[in-house]
Amino acid sequence: MRARYKIPLGITAVGAAGLVYAAGFEARSFRLRRVTVPVLPPGMRPLRVLQVSDIHMVSGQRKKQRWLRSLAGLRPDFVINTGDNLSDPEGVPEVLDALGPLMEFPGAYVFGSNDYYGPTLRNPGRYLLEKLSGRHGLNGNPPVVGAVHNPWEDLRDGFDAGGWLNLTNTRGVLKVDGVAVELTGVDDPHIKRDRYERVAGGPSGSADFSMGVVHAPYLRALDAFTADDYPLVLAGHTHGGQLCIPFYGALVTNCDLDTDRVKGLSTHTAEGRTAYLHVSAGCGTSRYTPVRFACPPEATLLTLVGRE
């Protein structure tokens, strides 16, 4: 009788230990990644860009708030926030407090679906089913009914008051020690709010450097930025796969991007042109799935240097 239950009990113990690790340790094991990207015009001084993404703040997450505040010590040239700041309608004051020190620096932002709508309890297996069916978010799926609306207007007003540029389907220019950085952004493709036609045409040519910003790295957005000759696009949304298999990697990206590019620096090609793509794995999770495995929460300091 004991032998009959030996293996199932062993598997249960391993699973329980993995869950404790994923929720109790790794999901709060915040870290900084550093990446160098050769995209600037030759002879231009390097630019240090801090990307924060997918904070998914829940009221009371003090360790996350302290870590975000500490990032101001990096003294970046500017900050890019690629969305999904909220996982709690009550979290806006804590997001603004945590990012307050970073708003001392020039910055810009786009929103993600979780800035607009509260999360819902979902079966994680649905992400695999959506991957197999090729349908993600509202792209091919019926509209969401009865969604919780987050106070995104308060978040927007706080970012704007802090001096950050709102890149919702628009362009903006940051002045960084005499260098003009042109930023072009679109709203979240995951819920079909992207309107690239409003910003199409590529870099204006009047700035020293131009780049694209989007929350969810859907191929249609990446194709558009790349075809318009932007040398760099920043995105978030994927959580790096969130629950990954050691020595294998991510199973899903929650969009139509392939899993090989689920996080970190890669390239994207469209219409004969190639851009660098950086996808942040983000530093949070949905309040209903507060776990990470083989994919720690992160922010990234990108050092942009001259093209070789």
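Comparison of V252, V262 shows that the only residue that is of a type in the set (A, V, I, L, M, F, W, C), under 21 Å from Y127 (Cβ atoms) and free of Cβ contacts under 8 Å to residues at least 40 places away in the same chain is V262. Which ones in the stretch 285-305 are in a loop (DSSP other than H, G, I, E, B) and not small (G, A, S)? Residues satisfying the conditions are T285, R287, Y288, T289, P290, V291, R292, C295, P296, P297. Could you please let me know if Y288 is within 25 Å of R126 (Cβ to Cβ) and of a type in the set (F, W, Y)? In short, yes. Within this structure, A200 passes the test of being surrounded by fewer than 16 Cβ atoms within 10 Å (Cβ to Cβ), in contact with a helix residue (DSSP H, G or I) (Cβ under 9 Å, 6 or more places away or on another chain) and either touching a residue at least 24 places away in the same chain (Cβ under 8 Å) or over 22 Å from Y117 (Cβ atoms) (or both). Confirm whether F209 is aromatic (F, W, Y), under 23 Å from S280 (Cα atoms) and over 21 Å from the mean Cα position of the chain (by Cα). Against the criterion (aromatic (F, W, Y), under 23 Å from S280 (Cα atoms) and over 21 Å from the mean Cα position of the chain (by Cα)), F209 qualifies. Based on what the data block shows, is A299 among the aliphatic types (A, V, I, L, M) and farther than 27 Å from L68 by Cα? Against the criterion (among the aliphatic types (A, V, I, L, M) and farther than 27 Å from L68 by Cα), A299 does not qualify.
Criterion first (over 30 Å from T289 (Cβ atoms), outside any helix (DSSP H, G or I) and at pLDDT 95 or above) does A224 satisfy it? Spelling it out, it is not the case that A224 is over 30 Å from T289 (Cβ atoms), outside any helix (DSSP H, G or I) and at pLDDT 95 or above.
Going by the conditions given, is Y288 among the aromatic types (F, W, Y) and crowded, with 19+ Cβ neighbours inside 10 Å? Judged against the criteria, Y288 is not a match.
For the stretch 35-70, taking the residues that are aliphatic (A, V, I, L, M) and open to solvent by 10 Å² or more (accessible area, probe 1.4 Å), the one that is nearest to T285 (Cα to Cα) is identified as V58.
Matching residues to (1) in contact (Cβ under 8 Å) with a residue 24 or more places away in the chain; (2) in a loop (DSSP other than H, G, I, E, B); (3) open to solvent by 50 Å² or more (accessible area, probe 1.4 Å):
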| residue | (1), (2), (3) |
| --- | --- |
| L128 | yes, no, yes |
| G146 | no, yes, yes |
| D154 | yes, no, yes |
| D157 | no, no, yes |
| D160 | no, no, yes |
| K175 | yes, no, yes |
| E182 | yes, no, no |
| D187 | yes, yes, no |
| S206 | yes, yes, yes |
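Checking each residue in the stretch 76-126 for being open to solvent by 10 Å² or more (accessible area, probe 1.4 Å) and in a strand (DSSP E or B) picks out only Y117.
The values are calculated or read from the model by the stated rules, or taken from the named source; none is laboratory data. Just so we're clear, the structure is a prediction, and the values are computed from it rather than from any experiment. We place every Cβ from the backbone using ideal geometry, glycine too, and count neighbours over all the protein chains shown. To get the accessible areas, we keep the full protein, side chains included, count just its heavy atoms, and leave off ligands, DNA and RNA. Shrake-Rupley method; radii C 1.70, N 1.55, O 1.52, S 1.80 Å.
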